Structures are given as C-alpha cells and as structure tokens.
Amino acid sequence: MQDSVRKAVIPAAGLGTRFLPATKSIPKEMLPLVDKPIIQYGVEEIVGSGIPEVVIVTGRGKSPMEDHFDVSFELEHVLRTRQKTELLALAEHAAHLARISYVRQKEARGLGHAVLCAKQLVGHEPFAVLLPDDVVQADEPCLKQLLNVYEQHHACVLALMEVPQDRISAYGVVAGEALGNGLYRITDLVEKPKAADAPSNLAIIGRYILTPEIFASLEQTGPGAIGEIQLTDGIRHLLRTQPVYGLRFEGTRYDAGDKLGFLQANIAFALRRPEFAGPLKEFLRGLELGA
Ligand code: UTP
C-alpha cells in the first residue's frame, strides 16, 4: 500500500450559511483574505507541506473556484501586452500551484459525506483533509506539522487547539492521553458537546491526516442529529480498530467562514504584509477604539 501522503482533499461544497448574504451567489471559499481567495491559502499550505495533488469537493454555484485555479488566456494576454509583469505573475501563479481534480457533492450532506465523495480520486492510500475556512498562520505549515507526526506513527492525526469553555460546544472535542510535545493519543471524540460534558478543552480544527479505512467507517456511519454525515463520527468509528493521534499545533487559526473570524483574519494577515502593516496600524490607532 502507498504509505506516504500524496493527496489532500479540500471539502468546499458547503452552503456557507453563516456568511449570508455575501455567500448567496459567491462561494465563501472565494471571499478574499487581503488579496487572495480563502481557498488559495489552503492550496498553498498543502503545496508548502510537500503534497502535490489536491482534490476539491465542489457543488452547485462553486465554479469560480475552478476558474480561479485555471489559466485565464484573455487576462494574461492583456497583462502581457501591457507589460504588467507583477500582476501577470499573480494571475498565473494560481493556475500552476498544484495538480487539482474536482468532484461534485450533489447535496450538502455534511463534512463526512463530502470526504466520502473523494473516495474514488483518493484511492487506497493515506491522505490529508484541509477545511479552507480554517486559515492558519504558522511558521511551519499546520499540515506539515501533522505530517511529521504521521511519518512517525503511520496513523490518523488531527489538529487540535485549546478553546475556552464558553466556546467549546461549537467544536468537535477530544479525550486523550498526553504523550508530550503537544501530542495526544486520542481515546474518544464528541461532536459539539455541551460545555459541562466536554471531555477536554481540546477542539479539532480543519486539518487531518487520515488512513483510507476512513471511507469504510464513513460508509457505516449513519447521518447524525441534523441529518448530516459527520467526519468526527467516522473517526470515532475508526478508533475501535486503529490508533488516532492529535497534535496541538503551533500557530494561530482563524475561522474565516464566520463573519467576525473573517474580519480578524483579514487584519492579522494584512498586518503581516510589509506594504500594509504600517498604514493599517496607523488607521487602527486613529479609530480611537474605546476600552
Ligand atoms: P462548514 O460547516 O464550515 O461549512 O464546513 P458550511 O456548511 O458551508 O458553512 P455554514 O455553517 O453553513 O456557514 C466546513 C467545510 O466543509 C465543507 C464546507 O464547504 C467547508 O469548507 N462542507 C461542509 C462540504 O463540502 N459539504 C458539506 O456538506 C458540508
């Protein structure tokens, strides 16, 4: 069996209801963080982690994503003729980032179902999953940090983040045994527990390395409470037969699929850009923010 991780799946077929009305006709994955669509950060993280192949799970109304990662002859021709070399490089970059395949999820039946849609394109090999609206700012790409663990243990690895108790019920939460250096051997997972029932303060965020047995687990996992097939339920099923690890990764995660998280991510990413950092800080200071 192929043992190294060569493919990453990006589920991007969700309806983006938390971001209405912006997402009524624009995929949320195409909303810009500073000057790039959210999904491009995800593809860049995958490539920057050494994974060459990307499978994007799309749905109706999501074709702007495919256009974004394709060649745009007219635009490139105009920029070339006008000798706008820097802009041309930006436009061309997205089309040559990675080898991307697409598969449709015909109905938004949950994250687990979206991953299952990629089964044929992934085949029987370990793979990564990256949720594009979880954007991570980190010195070493978050997915690469998970791959380092995978290379040691050859088992599923989930990215974990500490979350305050009043926010924990919005996440999938793990119970686990600490192994040191932020690594945990996971013993249980609960999707969106009540704060009082949460087994820890460690939430799963949108980065995973999964073994191909997850597909059989998802096929056996019925729809959960809101009629969706949950990825956490599939991983929980897998726990019966395989070890699953969690890594408290180094870095900061922003939920760019949420309005406030999106604003925070835009500010944080813009502050890292030399051309914006100075003027943006000056602007923020000038707002005379209250306490
Ligand atoms: P989210 O729950 O953040 O996305 O799923 P959503 O369902 O689009 O958003 P809201 O809650 O309605 O605002 C995480 C990722 O999984 C994908 C989404 O596109 C997102 O990237 N997803 C979710 C699918 O591909 N299919 C689904 O059925 C559900």
Modelling each spin label as a point 7 Å along the Cα-to-Cβ direction, I'd like the V71/D139 distance in nm, to one decimal. 4.0
Beyond 32 Å (Cα-Cα) in this structure, taken from K84/K259; K62/K194; K62/K281; K119/K144, we find K84/K259; K62/K194; K62/K281
Scaled by the rule-of-thumb 2.2 N^0.38 Å, the alpha carbon Rg for the chain gives a ratio of 1.03
Interchain or long-range residues, amide H under 5 Å from V9's placed H: V55, A128, V129, L130
Once the piece of chain linking R167 and A196 is laid out straight, how much longer is it, given 0.36 nm per residue of separation minus the C-alpha distance between them? 9.3 nm
Given the Cα-Cα distance of R18 and E288 and 0.36 nm per residue of separation, how much length would full extension add, in nm? 94.3 nm
In a solvent-free Debye calculation with one equal scatterer on each Cα, what is log10 I(q)/I(0) for region 173-291 at q = 0.12, 0.13 Å⁻¹, listed in the order of the q values? -0.64, -0.71
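Can you pull the Rg over Rh of region 220-275, Cα-only, Kirkwood? The partial results should precede the final answer.
Details: Rg = 17.5 Å, Rh = 14.7 Å.
The Rg/Rh ratio comes out at 1.19.
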Within the chain, the percent of DSSP beta bridges that are antiparallel, given to the nearest 5, stands at 60
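Between K281 and Q120, what is 0.36 nm times their sequence separation minus the Cα-Cα distance? Round to one decimal in nm. All intermediate terms of the calculation are to be shown ahead of the outcome.
Values: separation 161, 0.36 × 161 = 57.96 nm, distance 4.78 nm.
Taking K281 through Q120 to full extension adds about 53.2 nm, to one decimal.
For the chain, what does the helix formula give at 222 nm: sum of -39500 (n - 2.57) over DSSP H segments with n ≥ 4, over the residue count, nearest 500 deg cm²/dmol? All intermediate terms of the calculation are to be shown ahead of the outcome.
Values: 11 runs with 101 residues, N = 291.
Computed ellipticity for the chain at 222 nm equals -10000 deg cm²/dmol.
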In whole Å, largest first, the alpha carbons of region 42-109 cover along the principal axes 46, 29, 13
Take L239 and L87, extend 7 Å from each Cα along the Cα→Cβ direction, and tell me the distance between the two endpoints in nm. 5.3
Of I204, I100, I226, which is the most mobile in a GNM of the chain whose springs link Cα atoms less than 10 angstrom apart? I226
Straight-line reach from K192: which aspartates and glutamates fall under 14 Å, measuring Cα to Cα and dropping same-chain residues less than 8 apart? D166, E228, D233
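Every number in this text was worked out from the coordinates using simple rules, so none of it is lab data. Bear in mind that the values here come from a model prediction, so they are computed numbers and not experimental data. For neighbour counting, all protein chains shown are included, and Cβ atoms are generated from backbone atoms with ideal geometry for every residue, glycine included.
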